[in-house]
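What follows is a set of notes on a single structure, which appears directly below.
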Amino acid sequence: MSDRPSVYLAGPEVFFPDTLRIHIDERKKAILADVGLQGLSPSDNQLDLENAADPGQLIYDANKQLMDEATALIANLTPFRGPSADAGTIFEMGYMIAAGKPSVGFSVCETPYNQRVKGKDGVDSNGAAIEPFGLCDNLMLDCGLVRAGGHMVHGARPYLERGFAPEDFFDEALFIRAVQHLRSALF
């Protein structure tokens, strides 16, 4: 571990093809290094999943340890497998905010959550209300992040019903904006 403040990189990138995931991790870490920060990715964990008694628990424990070691968080909240952010990333952001660690979220998506959920007159197809606030995601994410002193950075890509392809999840200029917000919270 370096003496530079470290940033846990939360997001669904761990599910992407290795070549793309590695490229995104390397770019994020280089951008962070340029401003005196160290990136910590869940992919940094070297885990023997084949021989683990409980691979899921092993991954959770390793990621939690990285979050505990990290100074701060940047979370990729781009809609993943549906209109909302990745559930694991949401957990990680909540964990870091609860720990009092500076946190920033970003999404490449410009379309507000309430416009991404199918429905009519503010109600989805199952009869449940759709939050009408025009936020990036659920109000507990957006408002919780801001109330904790963080920031949500929005991109300019419209949401498509089929969702975003893995290669669309990283926007370097957007990530740089997120890093700038985080850096100002740290220094």
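Read-outs: derived from the displayed coordinates by stated rules, not from any lab. Just so we're clear, the structure is a prediction, and the values are computed from it rather than from any experiment. Note: ideal-geometry Cβ built from the backbone for every residue, glycine included; neighbour counts use all protein chains shown.
Which shape class applies to the chain: rounded if a/c is under 1.5, otherwise prolate when a/b exceeds b/c and oblate if not, where a ≥ b ≥ c are the square roots of the Cα gyration tensor eigenvalues?
Prolate shape, in that a/c is at least 1.5 and a/b is the bigger ratio.
Compute the relative contact order of the chain as a whole-number percentage, counting only Cα pairs closer than 8 Å that sit 6 or more residues apart in sequence.
Worked out over the chain, it gives 23 percent.
Show me, for the range 7-14, the HN-Hα J-couplings you get by feeding each phi into the Karplus relation (A = 6.51, B = -1.76, C = 1.60, θ = phi - 60°), rounded to Hz, glycine and proline as x.
Working through the residues one at a time gives 10, 6, 9, 8, x, x, 4, 4 Hz.
In a GNM of the chain with a 10 Å cut-off on Cα contacts, which of Asp86, Asp54, Asp44 has the highest mean-square fluctuation?
Highest fluctuation among the options: Asp54.
Quick check for the chain: number of Lys pairs with alpha-carbon distance under 21 Å, counting only pairs 8 or more apart or on different chains?
Lysine pair count for the chain: 5.
When the Karplus curve 6.51 cos²θ - 1.76 cosθ + 1.60 is applied with θ = phi - 60°, which whole-Hz ³J(HN,Hα) does each residue of the range 91-101 get, with x for Gly and Pro?
4, 4, 5, x, 4, 5, 5, 4, 7, x, 9
Which of Gly127, Gly105, Gly163 moves most in a GNM of the chain, Cα contacts under 10 Å?
In the Gaussian network model the winner is Gly127.
Whose amide H sits under 5 Å from the amide H of Phe80, counting only residues 5 or more places off or on another chain, with H placed in the peptide plane?
Ala85, Asp86
Normalised by the number of residues in the range 73-172, what is the relative contact order in percent for Cα pairs under 8 Å and 6+ residues apart?
32 percent
In a GNM of the chain with a 10 Å cut-off on Cα contacts, which of Val14, Val153, Val108 has the highest mean-square fluctuation?
Judging by the Gaussian network model, the answer is Val14.
Amide H to amide H, which residues 5 or more places from Val153 or on other chains are under 5 Å from it, using H placed in the peptide plane?
Correct list: Gly105, Phe106, Ser107.
Any chance you could check the Cα centroid distance between the range 133-187 and the range 9-31 for me, in angstrom?
16 Å
Antiparallel as a % of all DSSP beta bridges within the range 53-187, to the nearest 5?
Of all bridge pairs located within the range 53-187, approximately 25 percent are antiparallel.
Could I have the simple spin-label model distance between Asn138 and Lys64, label points 7 Å from Cα toward Cβ, reported in nm to one decimal?
2.0 nm
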